[in-house]
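Worksheet: one structure, shown below.
Nothing in this text is a laboratory measurement; each read-out follows from the coordinates by a stated rule. Please read these numbers as outputs of a predicted model, since none were measured by experiment. Here the Cβ is made from the backbone with ideal geometry for all residues, glycine too, and neighbour counts use every protein chain on show.
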2 protein chains.
Amino acid sequence: MAVTIRDVAKAAGVSTAAVSKVLHGRGDSVRVSDTRANQIREIAEQMHYRPNALARNLRTQRTHTVGLIFENFGSFAAGPLYYMHLLEGVGSVLFKNHYRLTILPELLHDDILGSLGDGQLEGVVWCKLTRDAETLQLIHDCPIPIVALNAPAPAEPTDAVFVACDNASGIRLAVEHLAKLGHRKIAFAHEVQELTSPDCLERRDAFQASAKELMGQEPNPADVLAWDWHLPEFADWWKSDPGYTAIICWSERTAGTLINRATEAGLKLPEDLSIVGFDSTAYCETTTPRLTSVSQPISEMARYATNTLLNLIQGKRPENFSLTFPCGLDVRDSTTRPSGPRNSE
Amino acid sequence: MAVTIRDVAKAAGVSTAAVSKVLHGRGDSVRVSDTRANQIREIAEQMHYRPNALARNLRTQRTHTVGLIFENFGSFAAGPLYYMHLLEGVGSVLFKNHYRLTILPELLHDDILGSLGDGQLEGVVWCKLTRDAETLQLIHDCPIPIVALNAPAPAEPTDAVFVACDNASGIRLAVEHLAKLGHRKIAFAHEVQELTSPDCLERRDAFQASAKELMGQEPNPADVLAWDWHLPEFADWWKSDPGYTAIICWSERTAGTLINRATEAGLKLPEDLSIVGFDSTAYCETTTPRLTSVSQPISEMARYATNTLLNLIQGKRPENFSLTFPCGLDVRDSTTRPSGPRNSE
DNA sequence: CAAGCCTGATAAATCCGTTAATCGGATTTG
DNA sequence: CAAATCCGATTAACGGATTTATCAGGCTTG
């Protein structure tokens, strides 16, 4: 049905080699005169010849396609803008380099190796938030170049490249910011179901360490709030007068929910309570008050990861097999100096 | 380097046909005894044989891959959660059916036909918001099955399927809701740069028609607010006492920005001003007050579109070549009866 | 003049599975 | 007993491009 290179060759009265050379070829073993070349181009155009990529892929063993694996595609849409920045970062670099992007579903581990080893993908960006031993093994066994986003490098080196952000430094910036504003007792908040996220745990630990170092706040289980964030829980907690003047949230979304609960409970923000989020996407501009947030350079990270992957595919050894991006802090309107007796001295 | 089917066949002392049949084949022209079959499976396993998908794709002329074209991938991350729901909807249906999803960049029109006609994609979901003649022509010429999301069907029928939501009915619901609450003068808001979006225009027109029909509000250019939404603009407008008690926004994002400007300008929401958004994603739960919003069943639309596409690929003729989904209205906390003299009679 | 080189072009191998056609021989059926 | 059937398996023809090896013929060059 479709026009093949043979059809074009026959119509032009030349060999398929000539057609191939004229339309795409780079080698110089096949030579075609300019006259013939133009004829061939014209005939191909007339016949609406579209080279069959499947044949070409097989022959050249290249597909110009890389895969992207999300850890939790199922709950993708419920997730924050974070994922969109990630996708945008990966995609834009690929497209600029004339690569295609294939989204892979979350697969059973057995299936993954089959999927990655079937020749259809030249490389893969694995956006992996959990870091169990099995996953590391899988990354190690991966038959194609792989870059792991948001996974810290394992102890033993592999051929995989690891790109992550420095959660601890980000949290430290937030604590520092609050300490400078005069806060002396701050809490860390996450929603109950986030306990399994290693990012959440890392940020929590960093919170405790930084709070101790920068404001002498001894670690105390009560400083870590893990609710499901319905209004009663918040109202009860606040009524118990726990004495906190600021809360650092593990994520943007948690911070957004907290803002709502606090507002509903009648607090005046940020005077009664300063709130800091984590991620700093466009969402932070839409809250009231606008959310001060630790910024993770996710788009940059995604771009770096993808560029590195393209280099790996071309056989270039990367300078670093592990890169950690520092976080920043975008100060907006949800943080201020604490009010009340504690500050009136 | 990689293990091929011939390597396995040689190691097992059988023909490649036997190996192929045992591992994947469905035809019954090739028959293999159970004993041999098990031997072959075992040897393939031992050798870590991974069938080369490129060869198989070429032979069978199938790839089990469909493409997804976004209109504006570049500004993707700046967009609303809408896109994530769309992606999630398309992806989940594909993955359930063991298809792969390839994201395509926005291409020049000339390149698109080449991309879609090279055999790598079995079908494509085109998420197209602009609807110029050239695009319709392109959809018409598309060499593979295509479903257009968010594009109304053209007058002359094509083989493409069109899926869209009924903007007009959604806006009508919003106006009706406000009218029932007692509002008598309402406005429509969009950000200046949205003028080019046909969705935005459709919603604006529907607003004017519904406002006239349901509350006798004659169309007036002043009812359509097109700002770039800095605080001064809003404050000035409000101070001029325009008399509006409610604003319907063309999108969720616009509504979110409006909430912030209004709050910053000292308005009490929703008492001073009722606000309605459009799309109703999880974002609406995060605003203060929580945003009443027209709901577009985007995930459902995406699923329907994708299922239809898979049917098209299998040669099944769809019942409808055009389907419009009705919108709903999710009433939350950003709308209430108007206060002030207008309601005190 | 023989040897070497350049131009323009082709034939054929190759990438790696899939599958229709075929085949020997044993068994069943009329 | 001849013919039909079935089992287990192989051979070889694809699919559609890329690319190496090769060739004919004309032109240089020592």
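Brief remarks follow.
- Taking the number of Cβ atoms within 10 Å of each Cβ as an exposure proxy, the fewest-first ranking of B:V161, A:V294, B:V14 is B:V14, B:V161, A:V294.
- Rounded to 5, percent antiparallel among DSSP beta bridges of the protein assembly as shown: 10 percent
- Under-5 Å amide H pairs with A:F325, H placed in peptide plane, nonlocal only: A:A164, A:C165, A:D166
- Between the amide H of B:I247 and those of B:A187, B:S274, B:I275, B:V276, distances stay under 5 Å, these residues lying 5 or more places away or on another chain, with hydrogens modeled in the peptide plane.
- When the Cα gyration tensor is reduced to axis lengths a ≥ b ≥ c, the ratio a/c is 1.5 or higher for region A:167-244, and with a/b not above b/c it is classed as oblate.
- Test item: Cα-centred dipole of region A:181-256, Lys/Arg +1 and Asp/Glu -1 on Cβ, debye: 260 debye
- Between helix B:34-46 and chain B there is an angle of about 60 degrees, using the helix long axis and the longest principal axis of the Cα atoms.
- Cα long-axis angle, helix A:298-313 against chain A (0 to 90 degrees, to the nearest 10): 30 degrees
- Cα gyration tensor shape for region A:274-326, rounded if a/c is under 1.5, else prolate or oblate: prolate
- Kirkwood Rh in Å, taken over all unlike Cα pairs in region B:206-345: 17.2 Å
- Using a 7 Å Cα-to-Cβ projection, A:P219 label spacings across copies, nm, ascending: 6.7
- Copy-to-copy label distances for B:D159, where each label lies 7 Å from Cα along Cα-to-Cβ, are 4.2 nm in order of increasing length.
- Here A:E42 yields copy-to-copy label distances, from shortest upward, of 6.6 nm, the label point defined as 7 Å from Cα along Cα to C-beta.
- Listed residues A:P157, A:P105, A:P51, most fluctuating in chain A (Gaussian network, C-alpha, under 10 Å): A:P51
- Charges were assigned to the Cβ only: +1 to each Lys and Arg, -1 to each Asp and Glu. The resulting dipole of the protein assembly as shown about its Cα centre is roughly 2140 debye.
- Likely footprinting exposure, B:H183, A:H64, fewest C-beta neighbours within 10 Å first: A:H64, B:H183
- Kirkwood Rh (inverse of mean 1/r, distinct Cα pairs), region A:5-60, angstrom: 11.4 Å
- With neighbour counts taken as other beta-carbon atoms within 10 Å, the residues B:S322, B:S210, A:S20 rank, fewest first, as B:S322, A:S20, B:S210.
- Shape category assigned to the protein assembly as shown from the gyration tensor of Cα positions, a/c cut at 1.5: oblate
- Sites listed here are trypsin sites (Lys or Arg not before Pro) in region B:8-87 whose DSSP assignment is loop and whose Cβ has at most 12 other Cβ atoms within 10 Å: B:R26, B:R31.
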